[in-house]
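Every number here is computed from the coordinates shown, using simple stated rules; none is lab data. Keep in mind that what you see is a predicted model, and the values were worked out from it rather than measured. Here the Cβ positions follow ideal geometry from the backbone for every residue, glycine too, while neighbour counts run over all protein chains shown.
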Amino acid sequence: MKTDLIIIGSGPGGYNTACDAAKNGLSTIIFEDKQAGGTCLNCGCIPTKTLCHEADMIEAVATMTGQRPEVDFTKAMNRKEQVTAQLREGVETLMKSPGITFIKEHASFKDAHTIIAGGEEYTADNIIIATGSESKLPPIEGINEQGVVTSTELLNLDKMPKHLCIIGAGVIGMEFASVFKSFGSDVTVIEFLKECLPAIDSDIAKRMRKAMERRGIEFFMQSAVKSIRKQDDKLIVCFDKKNKPQEVEADIVLVATGRKPNIEGLGLENTGINFDNKGIKVDDNMMTNVEGVYAIGDVNGRAMLAHAATAQGMRAVNHICGKKDNIRMNIMPAAVFTNPEVAGVGLTSDQCDANSIEYNTRKGFYRSNGKALAMDESEGMLKLLTDNNNKIIGCHAYGAHAADIIQEATAIMNFDGTIDNLRDIIHTHPTLEEILHDAAL
């Protein structure tokens, strides 16, 4: 069967790209061998953020009443399932749009432009690989013990752990640490690096970690996990901190040490496509070294974010259709939905220092913002980075709704906006966005 475009994978990159392609007149076949919506919808962003919401509600009640409410863990997990099921049904409906054929089969390459799925062959001049990523497990003794889980298994627990130990203080580890602490678990985080969230501005990351420590989350930084062993009904995590052996006891151990691209079983060896364990190699149009074959999202390893996959898919379709766009892939916002929330876009102070880039820093604080105080959310800070011409080159924040604030900075940066441009924009009062505006004054 011949079609205009084949997409492998129906995560945010896959299904949004299929819709975009169909709107551009391309007859599109999209393959999915698991659930519509991919990792993000089914066992990533959406279920995690649903639990983050439940955690926020718990904290709000505790603040109002002075007492922590009893958590119905089963009810929280059931609501997570309801949300994901509703959104999955929405994606399946989208995949029935005119111009899109959705096939639930595993797809692999016979050659560079031929796909085999369900015993059938499909060909297209253009193929987009959007197979996402999966959890990456480090070579730790005992990593396969019962009770040692990835984020996928953690999202399917039927009982809340009394003590959760998390290996890795990246986005996944920090979000689950925040959620389960709110739910009532004792939480310990073990991280090899000096600071959590290495992709985030280190000043912001440190302040956020300190805020989480004040909530009672225990951190062991610059610590290397050596082994995990079973002892009665508990798990013992053994690690070295500054060459001193230490142990932590836990009911569940979450391994959150990163993700790796889903490339196994694709038949890439039949295509001539360049790839390694970090992902499929692509150019700025998301095209591989093989003409007409593209890779978007986590599978190319450029930016493991759902919205990055969507933007890259738009770029690929535009290239296929011969259309120009102004998508600024280097201005990629990111957020961590902890409590407090963290977000950032553009260059960090660390990146500027490492590359000898001159910059100026302006700060805004939640404690001086009326809306933040009214919300009882005085914990937080925003950093605005500018070059010597006052152009905004980075913005980073932690605090309530940090992701929403950063989105405004992202919009301004996409048009090479300056501090003067930001200063001249009227901001509604009282809003948290005034924190950004105040930093420009």
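Per-residue extension of 0.36 nm, minus the Cα-Cα distance of Lys136 and Lys96, leaves a gain of 11.1 nm for this segment. The length gained on full extension between Asn421 and Ala62, counted as 0.36 nm times the residue separation minus their Cα-Cα distance, comes to 125.2 nm. When segment 148-257 is described by a simple charge dipole with +1 on each Lys and Arg Cβ and -1 on each Asp and Glu Cβ, the residue from Ile172, Leu193, Leu235 located farthest towards its positive end is Leu193. For a label point 7 angstrom out from the Cα of Asp158 toward its Cβ, which stretches of segment 82-98 have the backbone nitrogen within less than 18 Å? Label zone hits: 82.
Rounded to the nearest 20, the Cβ-based charge dipole of segment 293-402 about its Cα centre (Lys and Arg +1, Asp and Glu -1) stands at 440 debye. Inter-label distance, Asp350 to Glu89: 4.3 nm, where each label sits 7 Å from its Cα along the C-beta direction. What you get for segment 1-104, charging only the Cβ of Lys and Arg (+1) and of Asp and Glu (-1), is a dipole of about 220 debye around the Cα centre.
In terms of distances greater than 18 angstrom between alpha carbons, the cross-link table entries Lys206/Lys363; Lys2/Lys110; Lys49/Lys194; Lys49/Lys181 yield Lys49/Lys194. Please find, in a Gaussian network model of the chain (springs between Cα atoms separated by less than 10 Å), the residue of Cys321, Cys19, Cys165 whose mean-square fluctuation is greatest. With Cα springs under 10 Å in the chain, the top fluctuation among Cys321, Cys19, Cys165 is at Cys321. Highest mean packing first, where packing is the average number of other Cβ atoms within 10 Å per residue, the peptides 263-273, 303-313 line up as 303-313, 263-273. So for the chain, taking the charge dipole from beta-carbon charges (+1 Lys/Arg, -1 Asp/Glu), which of Ile204, Ala309, Asn262 sits furthest toward the positive end? So the residue furthest toward the plus end is Ile204.
According to the calculation over all Cα-Cα pairs in the chain, the P(r) per 20 Å bin from zero is 24, 53, 23, 0 %. Quick one: among Asn414, Asn144, Asn126, which has the greatest mean-square fluctuation in a GNM of the chain with alpha-carbon springs under 10 angstrom? Of Asn414, Asn144, Asn126, the Gaussian network model singles out Asn144 as fluctuating most.
Counting only Cβ charges, +1 for Lys and Arg and -1 for Asp and Glu, the dipole size of the chain around its Cα centre is about 480 debye.
Volume of the convex hull of segment 340-440 (Cα atoms only), normalised per residue: 81 Å³.
Mind checking the full-extension length gain between Asn274 and Tyr359? Use 0.36 nm per residue of separation minus the Cα-Cα distance, one decimal, nm.
My answer for the length gained is 26.9 nm.
Does segment 186-308 come out rounded, prolate or oblate by the C-alpha gyration tensor, with a ≥ b ≥ c the root eigenvalues, rounded set by a/c under 1.5 and, if not, prolate when a/b is larger than b/c and oblate if not? It comes out prolate by the Cα gyration axes.
Rounded to the nearest 0.05, the FRET efficiency derived from the C-beta distance between Asp325 and Ser368 at R0 = 45 Å is 0.70. 3J(HN,Hα) along segment 120-136: 10, 10, 10, 10, 7, 5, 10, 10, 10, 8, 9, 8, x, 9, 9, 4, 9 Hz, from the Karplus curve 6.51 cos²θ - 1.76 cosθ + 1.60 with θ = phi - 60°, whole Hz, x for Gly and Pro.
Site pair Asp404 and Arg214 shows an inter-label distance of 2.2 nm when each label is modelled 7 Å from Cα along Cα→Cβ. Judged by the gyration tensor of its Cα atoms, with axes a ≥ b ≥ c, segment 148-257 is oblate; a/c meets the 1.5 cut and b/c is at least as large as a/b.
Take every DSSP beta bridge with both residues inside segment 148-257 and express the antiparallel ones as a percent of the total, to the nearest 5. Given both bridge residues lie in segment 148-257, the antiparallel proportion sits at roughly 50 percent. Within the chain, antiparallel bridges make up roughly 60 percent of the DSSP beta bridges whose residues both belong there.
Summing +1 for each Lys or Arg and -1 for each Asp or Glu, what net charge is found among the other residues whose Cβ lies under 10 Å from the Cβ of Asn126? Residues close to Asn126 contribute a combined charge of -3.
Test of understanding: in a Gaussian network model of the chain with alpha carbons linked when under 10 Å, which of Cys52, Cys395, Cys352 would top the mean-square fluctuation ranking? With Cα springs under 10 Å in the chain, the top fluctuation among Cys52, Cys395, Cys352 is at Cys352. Between His106 and Glu264, the simple spin-label model (points 7 angstrom out along Cα→Cβ) gives 1.1 nm.
Within segment 52-140, the proportion of C-alpha pairs whose separation exceeds 15 Å stands at 77%. Residues of segment 263-289 with backbone nitrogen within less than 16 Å of a virtual label 7 Å along the Cα-to-Cβ line of Ile143, please, listed as ranges. Residues passing the 16 Å test: 277-278.
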